[in-house]
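Engineer: I'd like to ask some things about the structure below.
The values are calculated or read from the model by the stated rules, or taken from the named source; none is laboratory data. This one's a predicted model, so the numbers in the text were calculated from it and none came from an experiment. With ideal geometry, Cβ positions are generated from the backbone for all residues, glycine too; neighbour counts draw on all protein chains shown. Keep in mind that these areas ignore ligands, DNA and RNA; they rest on the heavy atoms of the full protein, side chains included. Shrake-Rupley method; radii C 1.70, N 1.55, O 1.52, S 1.80 Å.
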Amino acid sequence: MDRAWLEESWREPDALVTALQQWLGGPTSPVFKSVPGQAYDPYHDWVIRHLHMGRTALRWYDRNHERDGGWSTLSYDELDRRCAARATWWAAQGVVPGAVVAVVLPFGVEAIVSLLAGLRLGAVVSLVETLGPAHVARRLEALAPAHVASQPFHAPWLGALAELLLPADGLVTSLDGSSHTYAADEPCALLFSPLRPLEEQPIPLPASRAYLGAIRDGTITLALRAGDALAAPGLHREQHQPALLFAALSAGATFVHVPAEDVQRDPRLLEAIPLRSVGLDTLSCEAWLEQGTSKPHWQHVFHDPEEPTDWEAWRDLVERLEPHVAMSNVVFEAASGGALLSSLRRWGRDHLLTLMNVVPAPGQPWMLLDYTDTGQPSVGDAGLFAPLAGEPGKEAPVQPQYIALARRRGGEYLYGGTIEPRRSGRVYPTQEVLATLEDCPFLRGASVAVVPAGGPTLAQRFVLLGFCGHEPDARFEALAEPRTLELRRMLTMRLGEPSLPDCIELFPLLPRLREGAVDHAWCRAQYTSGALFAKARTPVFRHTTELRQLAPTE
């Protein structure tokens, strides 16, 4: 592996962008408007630059239109007209450059048009997935937006912010043909990252970082060219979007949106059109292995090494695709602009031999820290991957710092997993889950414990511990199943399915309190040692619980 150009890109990210612009440009190609290191017009370079060339920008599948084939498309020209009309309408409603616009919509065509319309106006856009009212409320509170783009159906979820809801698109007599130019350090987005410990806190994404990530990932990480197609069903939207969308548009490619549930129901949807690059999660991989054909029209498959991969399933996938499809590993974080780590594209068994190999993404300054949690650089060949941000020469480590890397021969690194329990690299929303269940009438307290999954995957299981207090045995046993279903319903309705624990355990006990709050360390230790299970079946502890409930306070 030739590291010279890669190391140069880490030192001079703007030079990488300039080189990629020159490579993508040419005597017959429209010019880029963005000037690396100075000014950025992402809307122009991702949409306007591709007009009048007959290219398809978006292709999406809708099961409700299955009788008509289910597929719909928007060309770059049609996408521009819709974005321009929405931007002109929003400008009439008071959306100005620098205003924070929260796009509270399920990821799809309407969300994409709203995001791009915001960039056209110079707004600071944010994508809030409609997983549930509590999920939306916490993120809107942190965003404090000036405007909200959503549907009337979700208006009750907005609470007091419903007055900020932008009205549905109205008639515009003429379209403003201009698009906004951002300064290099000016944020163009506020995005949430499930890779960060405080995942409900928005992260400013400077225009320079968004632009670098899009042009780098489009041309290098995903190897897209104008007219190619990219699909990534099943990949976590808050982690990967809108970075994957921007990468496709930057290259003049087609972004293909297929809901994950439709792919898992019929993975042959991914064979309906030729795909230059396709991102697969574990469930989509297993579904395709069961129902897919032997030779799909794919050229590149990428997966996240943080996924709890079933090695046998992934080996089967590689052998099914060999030697026609290249494979690679990529860790994305949209809030950082795109790829954090990526690998070389290899074919067949060559990929299996390097299944966990990665290198820091081009143009991403970084350093390797030791494990002391002090920010001290590692002097060895192993440590924590730490992206850097800030002015050249004054960069400082930023989150996330949870990935262990070890240097391998040839200049690549071995992805060593996470240093703390996570779900596919993402932080489990423990605090959100516990806060959402505070009004549950049959819980006297709750906590979350983590146990290793074992088996063929490297993963952890997150267990919700529910303390119901003293009850007669017959009543507790009779209510255990309906209470478990109710807890799952509450979490799904309020926070969405990603918040569901892997397991729910209920106990006819009370948790230990520390300063009036549940002592989570005690709960975890008691569960993982088996003490809670034993106490729930020991008469003396059941009677102690009854006495504690009779006491006025702890």
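Engineer: Which residue, of Ala534, Ala517, is under 35 Å from the mean Cα position of the chain (by Cα) and open to solvent by 40 Å² or more (accessible area, probe 1.4 Å)?
Structural biologist: The match here is Ala517.
Engineer: Among Glu199, Glu163, Glu261, Glu186, which is the only one that is touching a Phe, Trp or Tyr at 6+ places or on another chain (Cβ under 7 Å) and acidic (Asp, Glu)? Step through it out loud before you land on a result.
Structural biologist: Details: Glu163 fails: touching a Phe, Trp or Tyr at 6+ places or on another chain (Cβ under 7 Å); Glu261 fails: touching a Phe, Trp or Tyr at 6+ places or on another chain (Cβ under 7 Å); Glu186 fails: touching a Phe, Trp or Tyr at 6+ places or on another chain (Cβ under 7 Å).
Testing whether each residue is touching a Phe, Trp or Tyr at 6+ places or on another chain (Cβ under 7 Å) and acidic (Asp, Glu) leaves just Glu199.
Engineer: Output the number of the condition that Pro508 fails; it satisfies all remaining conditions of (1) crowded, with 20+ Cβ neighbours inside 10 Å; (2) free of Cβ contacts under 8 Å to residues at least 60 places away in the same chain; (3) closer than 30 Å to Thr130 by Cα.
Structural biologist: Condition (3) is where Pro508 drops out.
Engineer: Here is a check on your reading of the model: is Leu127 touching an Asp or Glu at 6+ places or on another chain (Cβ under 9 Å) and open to solvent by 10 Å² or more (accessible area, probe 1.4 Å)? Before you say what the answer is, go through the steps one by one.
Structural biologist: Numbers: touching an Asp or Glu at 6+ places or on another chain (Cβ under 9 Å): yes; open to solvent by 10 Å² or more (accessible area, probe 1.4 Å): yes.
Spelling it out, Leu127 is indeed touching an Asp or Glu at 6+ places or on another chain (Cβ under 9 Å) and open to solvent by 10 Å² or more (accessible area, probe 1.4 Å).
Engineer: Here is a further query. Could you run through the range 420-459 and say how many residues are in contact with a strand residue (DSSP E or B) (Cβ under 8 Å, 6 or more places away or on another chain), part of a strand (DSSP E or B) and buried (at least 18 other Cβ atoms within 10 Å of the Cβ)?
Structural biologist: Of the residues in that region, 7 qualify.
Engineer: Mind listing whichever residues of the range 38-72 are among the polar types (S, T, N, Q) and in contact (Cβ under 8 Å) with a residue 60 or more places away in the chain?
Structural biologist: Gln38, Thr56
Engineer: Among the residues of the range 380-405, which ones are in contact with a strand residue (DSSP E or B) (Cβ under 8 Å, 6 or more places away or on another chain), over 25 Å from Pro194 (Cβ atoms) and of a type in the set (Gly, Ala, Ser)?
Structural biologist: Result: Ala382, single match.
Engineer: A further question on this structure: Gly417 versus (1) under 17 Å from Glu307 (Cα atoms); (2) in a strand (DSSP E or B); (3) open to solvent by 40 Å² or more (accessible area, probe 1.4 Å): which is the lone unmet condition?
Structural biologist: Gly417 satisfies all of (1) under 17 Å from Glu307 (Cα atoms); (2) in a strand (DSSP E or B); (3) open to solvent by 40 Å² or more (accessible area, probe 1.4 Å) except (3).
Engineer: Which numbered condition trips up Cys83, out of (1) open to solvent by 20 Å² or more (accessible area, probe 1.4 Å); (2) assigned to a helix (DSSP H, G or I); (3) closer than 19 Å to Leu121 by Cα?
Structural biologist: If we test Cys83 against (1) open to solvent by 20 Å² or more (accessible area, probe 1.4 Å); (2) assigned to a helix (DSSP H, G or I); (3) closer than 19 Å to Leu121 by Cα, just (1) comes out false.
Engineer: Return yes when Phe107 is free of Cβ contacts under 8 Å to residues at least 12 places away in the same chain and over 22 Å from Thr430 (Cα atoms) and no when it is not.
Structural biologist: Values: free of Cβ contacts under 8 Å to residues at least 12 places away in the same chain: no; over 22 Å from Thr430 (Cα atoms): yes.
When the stated conditions are applied, Phe107 does not pass them.
Engineer: Does Leu479 satisfy the condition of being surrounded by fewer than 19 Cβ atoms within 10 Å (Cβ to Cβ), in a helix (DSSP H, G or I) and in contact (Cβ under 8 Å) with a residue 12 or more places away in the chain?
Structural biologist: Details: surrounded by fewer than 19 Cβ atoms within 10 Å (Cβ to Cβ): yes; in a helix (DSSP H, G or I): yes; in contact (Cβ under 8 Å) with a residue 12 or more places away in the chain: yes.
When the stated conditions are applied, Leu479 passes them.
Engineer: Considering only helices (runs of 4 or more DSSP H) fully contained in the range 270-376, which possess at least 1 residues that are at pLDDT below 85, open to solvent by less than 40 Å² (accessible area, probe 1.4 Å) and closer than 22 Å to Glu420 by Cβ?
Structural biologist: 282-291
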